[in-house]
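Written below as structure tokens is the structure these notes are about.
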Amino acid sequence: QVQLVESGGGLVQAGGSLRLSCAASGRTFSRYPMGWFRQAPGKDREFVAFISRIGTTSYADPVKGRFTISRDNAKNAVSLHMTFLKPEDTAVYYCAADPLSSDPNGPYNFWGQGTQVTVSS
């Protein structure tokens with residue numbers, strides 16, 4: 001079992017930056033590929049970024065070049081550094097662990113409660 005707690009959300013102006021963090025419980029954190037997802041009001045939850053156990057990353061097209069996912073296995077944490085933020089990045093951001101398939105966009109076993117990111121124009 002893994003518990004995930006996100007932090008770092010907030011209100012930022014367009015063009016600004018935020019760093020989201022996800023703290024994980026449990027000693028098996030390093031075994032899990034991790035992902036970040038987001039859900040905007042009235043929209044489905046969507047994939048944002050993925051990092052494998054060994055640090056291989058992938059990103060959704062809308063955030064490529066602006067967002068960076070990283071992990072620190074010693075601290076049981078994964079981060080999402082978001083730059084050049086746009087109003088369309090406004091959403092609740094969720095951390096997820098242990099994808100149920102090889103598809104990083106797919107369902108995950110464990111989810112955090114989410115953190116709100118609001119980008120003003």
In the range 6-16, which residue that is over 11 Å from the mean Cα position of the chain (by Cα) and surrounded by fewer than 16 Cβ atoms within 10 Å (Cβ to Cβ) is farthest from Ser102 (Cα to Cα)? Gln13
Taking the range 57-72 and keeping only residues that are assigned to a strand (DSSP E or B) and not small (Gly, Ala, Ser), one is left with Thr57, Tyr59, Phe67, Thr68, Ile69, Arg71, Asp72
So is Asn109 modelled with pLDDT under 95, open to solvent by 50 Å² or more (accessible area, probe 1.4 Å) and in contact with a strand residue (DSSP E or B) (Cβ under 7 Å, 6 or more places away or on another chain) or not? yes
Can you go through Arg38, Arg19, Arg27 and tell me which one is charged (D, E, K, R), in contact (Cβ under 8 Å) with a residue 60 or more places away in the chain and open to solvent by 60 Å² or more (accessible area, probe 1.4 Å)? Arg19
Out of the residues in the range 55-74 that are more than 13 Å from Ala97 (Cα to Cα) and of a type in the set (Lys, Arg), which is most open to solvent (accessible area, probe 1.4 Å)? Lys64
Subset of the range 41-54 [in contact with a Lys or Arg (Cβ under 7 Å, 6 or more places away or on another chain), within 18 Å of Lys75 (Cα to Cα) and open to solvent by 20 Å² or more (accessible area, probe 1.4 Å)]: Arg53
Those residues of the range 97-106 which are loosely packed, with under 11 Cβ neighbours inside 10 Å and of a type outside the set (Gly, Ala, Ser), in sequence order: Leu100, Asp103
Out of Phe84, Phe37, Phe67, Phe50, report the one residue that is modelled with pLDDT of 95 or more and over 13 Å from the mean Cα position of the chain (by Cα). Phe84
Mind checking which residues of the range 80-121 are farther than 19 Å from Gly15 by Cα, in a strand (DSSP E or B) and of a type in the set (S, T, N, Q)? Asn109, Thr115
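The values are calculated or read from the model by the stated rules, or taken from the named source; none is laboratory data. Since this is a predicted model, take the numbers as computed values, not measurements. Here Cβ is always computed from backbone atoms with ideal geometry, including for glycine, and neighbour counts include all displayed protein chains. Surface accessibility is based on the protein's heavy atoms, side chains included, excluding ligands, DNA and RNA. Shrake-Rupley method; radii C 1.70, N 1.55, O 1.52, S 1.80 Å.
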